[in-house]
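Asker: Just passing along the structure, written as structure tokens.
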Amino acid sequence: MTAFAKLAAVETKLLVREPGSLVSVLIPLFFLVVFGASADATDTVLLPMGMAIAVALIGLYLLPTTLASYRERGILRRMSTTPVRPGNLLTVQMILQLVLLAAATALQLAVAGGVLGLSLPAGFAPVALVFALGTAAMFAIGLLIAALAPTGRAANGIGVLLYFPMAYLAGLIQPARQMPASLARIGEYTPLGAFRTALGQAWTGQAPEPLPLVLLAAYTVLISAVAARAFRWE
């Protein structure tokens, strides 16, 4: 077994034992079950919202908290003196977080389609494209939090502070149609709001409007660049 494979095996065990992993999977599922139990079979809103919540929780909370905790404990610095470079740990963590997100998404799709009888996407390719862009944007924000937060607890707090206003503006806490028009409009330009808008459009078979896609791509590139410059290994 290669050093990279051994690292991946160890990190997988740690991620499975991490309570935040379970929280990131169960909260969106709980949301889906509670509201989906009384939803109409033609509903095309709840499942995209649940998927967006899962992306936001993992990207804004779990990913940055894990990386900032590793730096705080000196793990990244110590790894720089071994054959397993710190960059490998970052790569493994990104892969594992994506696998966790895929599992959370698959679970929601299975429950929504098999138990609740909710509508699945009209076309999977557009939904997959939007989902990938939204995930990239949320993970970029998570990496920026990890780069700037001095401790794991600080990263956790920053993630929570960002999540709730972003989720509200995106219409994940209160439907956008029930929000003040000005706030709903602002929400469309936030990373999570653009993600929810584009995902909802793709879910119903519409071609997503260009603006949300451009916003997601721009957020990903710009925030990733800032995170790369600010990231510290120790």
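The values are calculated or read from the model by the stated rules, or taken from the named source; none is laboratory data. It should be emphasised that the depicted structure is a prediction, and the values quoted were computed from it without experimental measurement. Ideal geometry is used to build each Cβ from the backbone, glycine not excepted, and the neighbour counts take in all protein chains shown.
Asker: Listed residues 103, 68, 56, 132; which is of a type in the set (A, V, I, L, M, F, W, C), surrounded by 19 or more Cβ atoms within 10 Å (Cβ to Cβ) and under 14 Å from the mean Cα position of the chain (by Cα)? Reasoning before the result, please.
Answerer: On the way: 103 fails: surrounded by 19 or more Cβ atoms within 10 Å (Cβ to Cβ); 68 fails: under 14 Å from the mean Cα position of the chain (by Cα); 132 fails: surrounded by 19 or more Cβ atoms within 10 Å (Cβ to Cβ).
Answer to the selection: 56.
Asker: Still on this structure: Would you be able to tell me the number of residues in the range 203-226 that are touching a helix residue (DSSP H, G or I) at 6+ places or on another chain (Cβ under 6 Å) and at pLDDT below 95?
Answerer: 2
Asker: Hey, another quick one. Among the residues of the range 202-212, count how many are surrounded by fewer than 20 Cβ atoms within 10 Å (Cβ to Cβ) and assigned to a helix (DSSP H, G or I). Break it down into steps so the answer makes sense when it comes.
Answerer: Within the range 202-212, the first condition is being surrounded by fewer than 20 Cβ atoms within 10 Å (Cβ to Cβ), and the residues that meet it are 204-207, 209-211.
Retained after the next criterion (residues that are assigned to a helix (DSSP H, G or I)): 210-211.
Looking only at that region, the number is 2.
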